[in-house]
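Shown next, in structure tokens, is the structure this report addresses.
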Ligand SMILES: Cc1cc2nc3c(=O)[nH]c(=O)nc-3n(C[C@H](O)[C@H](O)[C@H](O)COP(=O)(O)O)c2cc1C
Ligand code: SF4
């Protein structure tokens, strides 16, 4: 039986980013259907679909939408296209290859929630995607798809704006994103209140990830139950999994939400170069706890990955083969979080740099057993004690690497050098062709 493709179906087809190409494939018929439905019925379908946010936290989308206070106007929709979590690369391809699917999802969402202005906050390093999206919005506006009347027939005005960020990871955190959108420094806000109640310019705001909203047209066309049936448990639909690292065929793969992680790596990605063994896998972006190679025969469904002690997060899967030095890999991750901490809270500002320094010291053979203990203590003191989840994002990898690969940290201390030498980044890293949906890069 052929697999259902919702998000990557049109990728690689000629004109896939153009209105004509999208319309030729039935595009905007879901919006047409939605305009004949009661807004509340659309929200019900999304609830039935078991669509969960694809930005990282996996929150139920339909439920989030119901948090908007009933009588406060205006209200806004913000699409999170920041995509800065290391290992994550999927939203940029939705925008590049099929921007109208996102625009149609935005239009349906806004109609369902009585929102008349939507903002797409896109990472500054994506100028090409920002231009493609801008052009697609202009095309949709010129054709009367959005603007004063939806599809030229429904008295419902909608405008969509693209806002480019300046390349700070923290601006992917939803409240920092709102601050940045308001023209301020991207400092996360204390929550509660949550954005659905007090969001952009103090007004109720729904924030959803690009992939989350790109699913909405399919849900309206095919029904929430059909979407739920593609997944399992409380996670419906397909998902985009971006696989990088030591695999023969890296890329973006659209698979049912409960697809098997080992199968994805060993079959879809063609296994590990040189036939080496999988040493470790980060299943959901660099902040998700690492799994050992013998722990990857699991479903990627959100709750199943949680039960295995990690997170399916943003769907960014990083594979490490047996030639990798896990201390060196962790040092690189820790450096990222230390650089990206916004500095508002002491445990995160100080703790992330402290962790980076200790891990570097151990990697270079200057660490002691006391340093390994100190690393455990510092990581344990950050998570849960900060304004936003970057603190947890920085400490979870450290705690899990220490739990799963402590012997490697101790070997560095005892041998007073990196036991992996210059090959500690893994062998045969060099350029392998990537597959993005049906497109070869
Ligand atoms: C430090 C940090 C960075 C984040 N970066 C992103 C991001 O780049 N893209 C994204 O969609 N969500 C990101 N999130 C999650 C968002 O805060 C938010 O949960 C998400 O955009 C909600 O959309 P969803 O429910 O559709 O997943 C980040 C969270 C944190 C704490
Ligand atoms: S946890 Fe870190 S990134 Fe988040 S607000 Fe505090 S200092 Fe800033």
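Could you state the angle between the C-alpha long axis of helix 369-382 and the longest principal axis of the C-alpha atoms of the chain, as a value from 0 to 90 degrees rounded to the nearest 10?
On a 0 to 90 degree scale, this one is about 20.
Could you give the angle, 0 to 90 degrees to the nearest 10, between helix 127-142's Cα long axis and the longest principal axis of the Cα atoms of the chain?
Approximately 10 degrees, to the nearest 10.
Taking 0.36 nm per intervening residue step and subtracting the Cα-Cα distance, what contour gain separates residue 73 from residue 25 on full extension? Mind showing how you got there, number by number?
Details: separation 48, 0.36 × 48 = 17.28 nm, distance 3.55 nm.
Between residue 73 and residue 25, full extension yields 13.7 nm more.
If the viscosity is 1.002 mPa s and the temperature 20 °C, what Stokes-Einstein diffusion coefficient in µm²/s follows for region 19-230 when Rh is the Kirkwood radius over Cα pairs? The partial results should precede the final answer.
Numbers: Rh = 17.0 Å.
Answer, rounded: 126 µm²/s.
Assuming R0 = 22 Å, what is the FRET efficiency of residue 191 and residue 166, from their Cβ-Cβ distance, to the nearest 0.05?
Details: r = 23 Å, r/R0 = 1.06.
The computed FRET efficiency comes out at 0.40.
Per DSSP H run of n ≥ 4, the term is -39500 (n - 2.57); total these for the chain, divide by its residue number, and report the mean residue ellipticity at 222 nm rounded to 500 deg cm²/dmol. If you can, show how the numbers build up before the last one.
Numbers: 16 runs with 172 residues, N = 441.
My calculation for the chain gives -11500 deg cm²/dmol from helical runs alone.
Among rounded, prolate and oblate, which fits region 105-193 when a ≥ b ≥ c are the square roots of the eigenvalues of its C-alpha gyration tensor, a/c under 1.5 means rounded, and a/b larger than b/c means prolate? Mind showing how you got there, number by number?
Working: a/c = 3.30, a/b = 1.55, b/c = 2.12.
Oblate shape, in that a/c is at least 1.5 and b/c is the bigger or equal ratio.
Can you sort 264, 300 from fewest to most other Cβ atoms within 10 Å of each residue's own Cβ? Intermediate results must be reported in sequence, preceding the final value.
Numbers: 264 21, 300 26.
Result, fewest neighbours first: 264, 300.
Quote the relative contact order of the chain in percent (integer), defining contacts as alpha-carbon pairs under 8 Å separated by 6+ residues. Numbers along the way, then the final one.
Working: 922 pairs, mean separation 75.1, N = 441.
Reported as a whole number, the value is 17 percent.
Residues of region 85-121 with backbone nitrogen within less than 12 Å of a virtual label 7 Å along the Cα-to-Cβ line of residue 159, please, listed as ranges.
Inside the label zone: 116-119.
How large are Rg and Dmax for region 1-74 when only the alpha carbon atoms are used, in Å?
Values for region 1-74 (Cα only, Rg and Dmax): 15.9, 47 Å.
Starting from 0.36 nm per residue, how many nanometres of slack lie between residue 141 and residue 63 once their C-alpha separation is accounted for? Please report the intermediate quantities before stating the final value.
Working: separation 78, 0.36 × 78 = 28.08 nm, distance 3.00 nm.
Contour length minus Cα-Cα distance gives 25.1 nm.
Take the Cβ-Cβ distance between residue 368 and residue 297 as r, set R0 to 41 Å, and report the resulting FRET efficiency rounded to the nearest 0.05. If you can, show how the numbers build up before the last one.
On the way: r = 37 Å, r/R0 = 0.90.
Plugging the Cβ-Cβ distance into 1/(1 + (r/R0)^6) gives 0.65.
What number, in nm² with one decimal, is the all-direction average of the projected area of the convex hull of the alpha-carbon atoms of the chain?
Over every viewing direction, the Cα hull of the chain projects on average to 20.0 nm².
Under a crude label model (7 Å from the Cα following the beta-carbon direction), how far is residue 3 from residue 346 in nanometres?
4.9
Label points 7 Å out from Cα along the Cβ direction at residue 332 and residue 249: separation in nm?
Once both label points are built, they end up 2.4 nm from each other.
Between residue 44 and residue 410, what's the calculated FRET efficiency when r is the beta-carbon distance and R0 is 56 Å? Round to 0.05.
Numbers: r = 55 Å, r/R0 = 0.98.
After rounding to 0.05, the efficiency reads 0.55.
With the calculation restricted to Cα positions, what are the radius of gyration and Dmax of region 326-420 in angstrom?
When restricted to the Cα atoms of region 326-420, Rg and Dmax are 12.5, 39 Å.
As I understand it, the value is the acute angle between the Cα axis of helix 346-363 and the longest principal axis of the Cα atoms of the chain; what does it come to in degrees, rounded to 10?
50
Bear in mind these aren't lab numbers, they're just calculated from the coordinates by the rules spelled out. These numbers were taken from a predicted model, which means no experiment stands behind them. As a convention, Cβ positions derive from the backbone with ideal geometry for all residues, glycine included, and neighbour counts pool all protein chains shown.
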